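Q: The structure that follows is given in the form of C-alpha coordinates.
The values are calculated or read from the model by the stated rules, or taken from the named source; none is laboratory data. This one's a predicted model, so the numbers in the text were calculated from it and none came from an experiment. Every residue, glycine among them, receives a Cβ derived from its backbone with ideal geometry; neighbour counts consider all protein chains shown.
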Amino acid sequence: MTKEIKVGDYVRRDDLYGTYKVVEIYDNGRVFLTMVGSSAVENEKENTTEWLMCYNSTSGFTVVDKPTPPKRHPLGLEPRSIWEEGVLAEREGERLVKINEAIKRYLDDDEMTIPEEWIEEYNEIKLRKQS
(Lines give C-alpha, C1' and ligand atoms only; values in the text may rest on other atoms or scores of the structure.)
Protein backbone atom coordinates (compact mmCIF):
# COMPACT_ATOMS: atom_id res chain seq x y z
CA MET A 1 0.00 0.00 0.00
CA THR A 2 1.36 3.43 -0.98
CA LYS A 3 1.41 6.14 1.68
CA GLU A 4 -0.53 9.25 0.68
CA ILE A 5 1.69 12.29 0.35
CA LYS A 6 1.05 15.59 2.09
CA VAL A 7 2.53 19.09 2.04
CA GLY A 8 5.98 19.10 3.63
CA ASP A 9 6.77 15.45 2.76
CA TYR A 10 10.02 14.56 1.03
CA VAL A 11 9.32 12.31 -1.95
CA ARG A 12 11.01 10.39 -4.75
CA ARG A 13 9.69 9.04 -8.01
CA ASP A 14 11.22 6.45 -10.37
CA ASP A 15 11.14 8.75 -13.42
CA LEU A 16 12.73 11.69 -11.56
CA TYR A 17 16.27 12.26 -10.39
CA GLY A 18 16.71 13.37 -6.79
CA THR A 19 14.49 14.12 -3.83
CA TYR A 20 11.66 16.63 -3.84
CA LYS A 21 9.68 18.44 -1.16
CA VAL A 22 5.90 18.73 -1.58
CA VAL A 23 5.07 22.45 -1.58
CA GLU A 24 1.36 22.39 -2.36
CA ILE A 25 -1.40 19.96 -3.29
CA TYR A 26 -4.57 21.26 -4.92
CA ASP A 27 -8.07 19.77 -4.75
CA ASN A 28 -7.81 18.66 -8.39
CA GLY A 29 -4.83 16.44 -7.41
CA ARG A 30 -2.13 18.64 -8.86
CA VAL A 31 1.06 18.64 -6.81
CA PHE A 32 3.82 21.26 -6.75
CA LEU A 33 7.32 20.12 -5.78
CA THR A 34 10.63 21.77 -5.10
CA MET A 35 13.84 19.89 -5.78
CA VAL A 36 16.09 19.34 -2.81
CA GLY A 37 19.42 17.63 -2.56
CA SER A 38 22.65 18.07 -0.68
CA SER A 39 21.70 21.72 -0.13
CA ALA A 40 18.23 20.97 1.22
CA VAL A 41 18.99 22.26 4.69
CA GLU A 42 20.51 25.49 3.37
CA ASN A 43 17.52 26.04 1.08
CA GLU A 44 15.08 25.73 3.97
CA LYS A 45 17.10 28.15 6.11
CA GLU A 46 17.13 30.71 3.30
CA ASN A 47 13.52 29.91 2.34
CA THR A 48 14.46 29.55 -1.33
CA THR A 49 13.61 26.97 -3.96
CA GLU A 50 16.08 25.46 -6.41
CA TRP A 51 13.53 24.00 -8.74
CA LEU A 52 9.74 24.13 -8.84
CA MET A 53 7.73 21.60 -10.83
CA CYS A 54 4.13 20.50 -11.13
CA TYR A 55 2.56 17.06 -11.56
CA ASN A 56 -1.08 16.40 -12.36
CA SER A 57 -1.32 13.59 -9.85
CA THR A 58 0.10 12.56 -6.49
CA SER A 59 0.42 8.94 -7.59
CA GLY A 60 3.79 7.32 -8.17
CA PHE A 61 5.59 9.20 -5.40
CA THR A 62 7.27 7.49 -2.47
CA VAL A 63 7.67 9.32 0.83
CA VAL A 64 11.31 9.29 2.02
CA ASP A 65 13.28 10.64 4.96
CA LYS A 66 14.48 14.22 4.86
CA PRO A 67 17.86 14.36 3.11
CA THR A 68 20.83 15.34 5.23
CA PRO A 69 23.64 17.51 3.91
CA PRO A 70 26.93 15.76 3.23
CA LYS A 71 29.61 15.94 5.92
CA ARG A 72 31.93 18.80 5.22
CA HIS A 73 35.56 18.64 6.23
CA PRO A 74 36.97 21.41 8.39
CA LEU A 75 38.43 24.59 6.99
CA GLY A 76 42.13 24.21 6.24
CA LEU A 77 44.80 26.89 6.19
CA GLU A 78 45.63 29.64 3.70
CA PRO A 79 48.69 28.51 1.70
CA ARG A 80 51.98 29.80 3.05
CA SER A 81 53.07 31.28 -0.27
CA ILE A 82 49.92 33.42 -0.47
CA TRP A 83 50.18 34.50 3.15
CA GLU A 84 53.84 35.49 2.83
CA GLU A 85 53.17 37.89 -0.06
CA GLY A 86 53.49 41.30 1.56
CA VAL A 87 53.26 40.04 5.15
CA LEU A 88 55.51 41.66 7.72
CA ALA A 89 57.39 39.74 10.41
CA GLU A 90 55.23 41.35 13.10
CA ARG A 91 52.24 39.37 11.82
CA GLU A 92 53.95 36.01 12.37
CA GLY A 93 52.20 35.70 15.72
CA GLU A 94 48.87 35.92 13.88
CA ARG A 95 50.04 33.20 11.48
CA LEU A 96 51.00 30.96 14.42
CA VAL A 97 47.49 31.33 15.80
CA LYS A 98 45.95 30.46 12.41
CA ILE A 99 48.17 27.40 12.01
CA ASN A 100 47.33 26.27 15.54
CA GLU A 101 43.56 26.72 14.94
CA ALA A 102 43.73 24.79 11.64
CA ILE A 103 45.60 21.93 13.32
CA LYS A 104 42.96 21.79 16.08
CA ARG A 105 40.15 21.64 13.48
CA TYR A 106 41.88 18.76 11.72
CA LEU A 107 42.47 16.95 15.02
CA ASP A 108 38.73 17.19 15.74
CA ASP A 109 37.94 15.47 12.42
CA ASP A 110 38.97 11.81 12.47
CA GLU A 111 39.17 11.67 8.66
CA MET A 112 41.74 14.44 8.22
CA THR A 113 45.55 14.23 8.37
CA ILE A 114 47.53 17.29 9.37
CA PRO A 115 49.83 18.31 6.49
CA GLU A 116 53.54 18.18 7.38
CA GLU A 117 54.02 21.65 5.85
CA TRP A 118 51.87 23.14 8.62
CA ILE A 119 54.04 21.61 11.33
CA GLU A 120 57.25 22.68 9.55
CA GLU A 121 56.02 26.26 9.09
CA TYR A 122 54.84 26.43 12.70
CA ASN A 123 58.27 25.27 13.94
CA GLU A 124 60.12 27.70 11.62
CA ILE A 125 58.13 30.68 12.87
CA LYS A 126 58.62 29.61 16.50
CA LEU A 127 62.41 29.38 15.95
CA ARG A 128 62.52 32.83 14.30
CA LYS A 129 60.53 34.35 17.16
CA GLN A 130 62.91 32.83 19.75
CA SER A 131 66.04 34.28 18.14
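Q: Only one of these conditions is not met by residue 85: (1) exposed (fewer than 10 other Cβ atoms within 10 Å of the Cβ); (2) at pLDDT 75 or above; (3) assigned by TED's automatic domain parsing to the domain that holds residue 124. Which number is it?
A: All conditions pass for residue 85, except number (2).
Q: Would you be able to tell me the number of residues in the range 1-27 that are more than 14 Å from residue 60 (Cβ to Cβ), touching a residue at least 12 places away in the same chain (Cβ under 8 Å) and assigned to a loop (DSSP other than H, G, I, E, B)?
A: Counting residues in the range 1-27 that are more than 14 Å from residue 60 (Cβ to Cβ), touching a residue at least 12 places away in the same chain (Cβ under 8 Å) and assigned to a loop (DSSP other than H, G, I, E, B) gives 4.
Q: Okay, next question. Taking interchain pairs and intrachain pairs at least six residues apart, which have beta carbon atoms under 8 angstrom, with the first residue in the range 115-131 and assigned to a helix (DSSP H, G or I) and the second exposed (fewer than 14 other Cβ atoms within 10 Å of the Cβ)?
A: Listed by first residue and then by second, the contacts come to 122/100; 128/89; 129/93.
Q: When you look at residue 31, is it surrounded by 13 or more Cβ atoms within 10 Å (Cβ to Cβ), β-branched (Val, Ile, Thr) and either modelled with pLDDT under 75 or assigned by TED's automatic domain parsing to the domain that holds residue 96 (or both), yes or no?
A: Answer is no for this residue.
So that you can scan it fast, the table gives a plain yes or no per residue for (1) over 30 Å from residue 127 (Cα atoms); (2) at pLDDT below 80; (3) more than 20 Å from the chain's Cα centre (by Cα):
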| residue | (1), (2), (3) |
| --- | --- |
| 64 | yes, yes, yes |
| 68 | yes, yes, no |
| 71 | yes, yes, no |
| 95 | no, no, yes |
| 99 | no, no, yes |
